[in-house]
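First comes the structure, then the notes that go with it.
The values are calculated or read from the model by the stated rules, or taken from the named source; none is laboratory data. It should be emphasised that the depicted structure is a prediction, and the values quoted were computed from it without experimental measurement. Glycine gets a Cβ as well: all are built from the backbone with ideal geometry, and neighbour counts include every protein chain shown.
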């Protein structure tokens, strides 16, 4: 019985750590995506370039952030 309680306690700790790491990664992706969308949106609005906003570009912006935005802009200009 004691081993089962210890197992549940350790399982709860591991679950809490996984939850915290998942939330941290999702925050990082959200900040990158919003930053990249602002850059692409402003440049689209000013008419400098036209980068269509779809799921693929959002994924690139979420992973790449500002660098991903500039890569998308470079690709659209070529």
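Remark: pairs (first residue in the stretch 44-66, at positive phi; second residue assigned to a helix (DSSP H, G or I); Cβ separation under 7 Å; 6+ apart in sequence or on different chains) = 65/32; 65/35; 65/36. Mind checking which residues of the stretch 32-49 are in contact with a helix residue (DSSP H, G or I) (Cβ under 9 Å, 6 or more places away or on another chain) and at pLDDT 90 or above? Across the stretch 32-49, the qualifying residues are 32, 33, 34, 35, 36, 37, 38, 39, 40, 43.
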